[in-house]
Structures are given as structure tokens and as C-alpha cells.
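Bear in mind that the values in this text are calculations on the coordinates, not laboratory data. On a predicted model such as this, the values are computed, not experimentally measured, just so you know. Cβ coordinates were reconstructed from backbone atoms using ideal geometry, including for glycine residues, and neighbour counts include every protein chain displayed.
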Amino acid sequence: MSQQLTLNVGMRDGHRFSSFFVTPENAELLGVLKRGFEQHFPQLFLWGDTLAGKSHLLQACCENYYQQGLRAAYFPLKTCSQYGIRVLLGLEDKHLVVIDELDAIIGQRDWEIALMHLINACRANNQPLLLASRTNPREMQCLVPDLASRLLWGPDYRVQVMREEQCMQAMAWRAHQRGFELPAHVMKYIERHYPHDIETLVTMLNRLDAASLTKGRKITREFIREVMQDSPAASA
């Protein structure tokens, strides 16, 4: 597999700053990223739980570079690691290097050494570097001590998971962004019958949006029951 094919593995359409629902807990970080963290820090580390939105923010940074005609390389290591450490080579021409899912390679000496060399190269080449993992970088159980120290070469931010009520607000906000509204009584129905985590709610919104466009119908409680009848998420 050529390196070029690996550069956009895991990129998802729509992961932009404008589609990231901002909570007070994450507002400072979003401001740092939107203004361009590289103006102040050569390296930045994001960490937090799986559904916190780290990958969304990383890909939004890449998209911001693309919009300026610049080159960004995005590596979700859980996927890319199957192609071997060579995927991290030859990045000298990139204006931004982004390493996601760092947890996937911690404990593998060859990958840790390769990542350490990449951090060194980015610093020597004045290339901004974004890193992300579920684990606080200070608590990483690295086999290579020099990697552990390099993960702290820049500031780190915890990306906070949205609370349940914020997830519901985010669903209504995303619907509005797509050009339709979810009335209060519909939101109450969803709140009573479906889990409130953002992954479930966004998946649900995608299904409802697509079905509504296909069938030309408004999203009502009856329509939700019809579209989501096969969903294991619905409560009895």
C-alpha cells in the first residue's frame, strides 16, 4: 500500500469546526485550534474518552489546512498500524501532521521508536504536530522513555464528553444545521425512549434525515417509531 493511500484513512466528510457542537467545557480548546495552535505551540496533545470528539477536532484542523491550499496528513493509528511503521515516513512536505488513536501502538517498541523519530523530525522541520489518545499523556505506559518525554513537548487538553442534556441539545442543533427542526414534543419522545449518548443520537439523526428526504415526510413521533423500529436502542 502506497503512503499516499494511507494519508486520508479514516477521514470523514462533515468533520469541520462548524459542525462541532461547542460546550463551555471545550470552548477554550476549540478557540485554540480555530485560531491556529501552531502560532504558539509546535505540538498539541488532545486526550479524553472515546466519544469526546477528539477525531472530529483533529479532522477539522486538517480541513482548515486543506481550505488554505496546504497539505495535512492524518493518521488514525488503530487503522493505519496494520500497514506498518513505514506510513510515518516521508512526511517532510506536509504543513500539518496529525496522529490519532495513539493508544493503539503504545507498548509496541517499533512503533514507539518510529513515533519518537516522527516527533523529532516535526520539531526539526518546524512542522506543527497534533496528537490524540484516550489516555492522559502523563499516564502513558510507554516502553520507550524518550517517547514518553516527547509526548509532553507541548501543552495538552482534555476533550470533555458531553453530558446527556448537552447531547440532546447537540442533536437539535445538528438538525437545524441541516435545514429542519425537531419540535420540543419530538425531542421529549426521543429523550424518553432512546439513549442520550451522542453516537446513538447522531446515528439516529442520520437515519431520520435520510428517510425523511426519501419519503418526503416530516419527522414526527410516529415517523420515528416507523424508521427506528428495528433499532435495539429503543426502550421497550
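Things worth noting here:
- The count of lysine pairs in the chain that are at least 8 places apart or cross chains, and whose C-alpha atoms lie under 26 Å apart, stands at 8.
- Cα gyration tensor shape of the range 44-128, rounded if a/c is under 1.5, else prolate or oblate by comparing a/b with b/c: oblate
- Comparing Leu152, Leu30, Leu130 in a Gaussian network model of the chain (Cα springs below 10 Å), the most mobile by mean-square fluctuation is Leu152.
- In a simple Cβ point-charge model (Lys, Arg +1; Asp, Glu -1; nothing else charged), the range 3-158 has a dipole of about 160 debye relative to its Cα centre.
- Taking a ≥ b ≥ c as the square roots of the eigenvalues of the alpha-carbon gyration tensor, the chain is classed prolate because a/c is 1.5 or more and a/b outweighs b/c.
- The range 157-202 and the range 29-72: distance between their alpha carbon centers, rounded to Å: 24
- Sorted by Cβ neighbour density within 10 Å, fewest at the top, the residues Arg86, Arg16: Arg86, Arg16
- If you wrap the tightest convex hull around every Cα atom of the range 104-236 and split its volume per residue, you get 177 Å³.
- For the chain, complete DSSP H runs whose alpha carbons reach 24 Å or more along their own long axis and whose mean Kyte-Doolittle score is 0.0 or higher are 198-215.
- Calculated P(r) tail over 14 Å for the range 164-227, as whole % of Cα pairs: 52
- If you take the alpha carbon atoms of the range 84-169 and fit the smallest convex hull around them, that volume is 125 Å³ per residue.
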